[in-house]
């Protein structure tokens, strides 16, 4: 290239020019100012040559080793603004190339059920999918993520917790960063700055009441110790499920766990029940939160006028825990609705349905009383109610069995489902040892193999007095296919009960007949 100059900054009478070829050589022609022009040429070489080398002569080399991936120093990016209006929030982080060769990120995209709430900007490039981003050796680039949320939309459109993943594909290997944002104005536990964590609720043996009109949303695991958590009438607790990542070895998030000095006190009313369920409440969504576990020796716990649903397991009462469940429903669980292991429980005027395992499982002994309950186990092979007095120390129950006394009283209840045996008992004790004490009165049941000689052939004579066998096709509920378990006008459960002191109304608050009450959680209404 040619630079035309005159010495001393003055115009020259001749066409003086200098021809410079960079970076191979420097050629001078008709040179009049050797000292000054030497400096100019040197400066030109110093400033122009590096850029020329970088843009024209650098041979960039890329690693293709599948183990040479990005260094990403976060696993979760949280948008920590609790929203009260339409909001756009941007967060960012860096991705690093720690290797000695360049890395080409072949694809970066946002995936997941809530991906449409998020947008990306990577190294200045935007789009739903960004491809072929190069990072030099030991260099880094910024990743910007933006969340736009309208909390005034219904939860079916903008759920309480929005979750997606940024997936980085490098050398055919995927890495991801979780995106979490809050879609509604609510009380988030443990709070937006610390998702996926274990929260400890303690109050020096006092009470903490969650009575804010806004719902409470649990993300992670809640441990209750030396404290009673009170959920008053109308309280709403939504729990976010998913795969857990914590120190407790729990496989599903959304666990409520009471330590020995922790208690739960749910005190709804017929007009303002307490709602406990997953945080996605759109139709046809199946939740996956872990459930409520009442730890060993904890309680007494109270659940009254509570509607609980969409958990992996409803309520698990562990060894020596004490629980009372009254005027409540537990439904749409992946496993049992209520599972007890050597516990003490009183359950009355309650409804169990759409449970993936046994609706009620009472194991390893304990003391239990069930009155006026409807237990409908349709659509699976598990029993409506299981009762046993043992615990196997190995999966095949071949190395050892532990025994405990079982005492059960079941009255005025409906225990049915789609299997041929909806009531199952197992006594692992010696004959005459008396470790299985079950007395049932005035119940609607479905049994078959339970009556075999090796099981309980005298079930109706010695255990279930004045009980009634349900035959498929009998008129019983209004519409069990729509989960309406109120009694039909011609229901075979009408006027089959016996009066029980202390039980004056049903799940809906309707008065029970004083002389001939109906079976189950609902008293028939004209």
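The values are calculated or read from the model by the stated rules, or taken from the named source; none is laboratory data. Just so it is clear, the structure is predicted and the values come from calculations on it, not from any experiment. FYI the Cβ positions are ideal-geometry reconstructions off the backbone, even for glycines, and counts take in every protein chain you see.
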Return a yes/no flag: does region 338-350 have any residue that is free of Cβ contacts under 8 Å to residues at least 40 places away in the same chain, in contact with a helix residue (DSSP H, G or I) (Cβ under 8 Å, 6 or more places away or on another chain) and surrounded by fewer than 21 Cβ atoms within 10 Å (Cβ to Cβ). no
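Name the single residue, out of those in region 369-389 being in a loop (DSSP other than H, G, I, E, B) and under 31 Å from the mean Cα position of the chain (by Cα), that is farthest from residue 322 (Cα to Cα). Break it down stepwise before answering.
Taking region 369-389 first, the residues in a loop (DSSP other than H, G, I, E, B) are 372-373, 378-384, 389.
Subsequent filtering for residues that are under 31 Å from the mean Cα position of the chain (by Cα) retains 373, 378-384.
Details: 373: 19, 378: 28, 379: 30, 380: 29, 381: 29, 382: 25, 383: 23, 384: 22 Å.
Ranking the candidates gives 379 first.
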Just one listed residue, out of 485, 522, is part of a loop (DSSP other than H, G, I, E, B) and modelled with pLDDT of 95 or more, and it is 522
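Hey, could you check region 242-257 for residues that are over 17 Å from residue 328 (Cβ atoms) and surrounded by 23 or more Cβ atoms within 10 Å (Cβ to Cβ) and say which is modelled with the highest pLDDT? Give the derivation first.
Residues of region 242-257 over 17 Å from residue 328 (Cβ atoms): 242-255, 257.
Narrowing the set further to residues that are surrounded by 23 or more Cβ atoms within 10 Å (Cβ to Cβ) leaves 254-255.
Values: 254: 86, 255: 92.
Selected residue: 255.
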Name, by its number, the condition in (1) in contact (Cβ under 8 Å) with a residue 60 or more places away in the chain; (2) touching a strand residue (DSSP E or B) at 6+ places or on another chain (Cβ under 6 Å); (3) in the same structural domain as residue 164 (by TED's automatic domain parsing) that does not hold for residue 85. (2)
Of all residues in region 293-317, count the ones that are under 21 Å from residue 240 (Cα atoms), in contact (Cβ under 8 Å) with a residue 60 or more places away in the chain and surrounded by fewer than 24 Cβ atoms within 10 Å (Cβ to Cβ). 1
If you go through region 332-342 one residue at a time, do you hit one that is assigned to a strand (DSSP E or B) and at pLDDT below 95? yes
Suppose we keep only residues that are in the same structural domain as residue 484 (by TED's automatic domain parsing) and touching a helix residue (DSSP H, G or I) at 6+ places or on another chain (Cβ under 9 Å) within region 352-403. Which one would you say is nearest to residue 427 (Cα to Cα)? 376
Checked region 347-364 for anything under 24 Å from the mean Cα position of the chain (by Cα) and part of a strand (DSSP E or B); matches are 351, 352, 353, 354, 355, 360, 361
Within region 436-449, the residues that are surrounded by fewer than 21 Cβ atoms within 10 Å (Cβ to Cβ) and touching a helix residue (DSSP H, G or I) at 6+ places or on another chain (Cβ under 6 Å) are none
Suppose the filter is within 24 Å of residue 351 (Cβ to Cβ) and in contact with a strand residue (DSSP E or B) (Cβ under 9 Å, 6 or more places away or on another chain); does residue 398 pass it? no
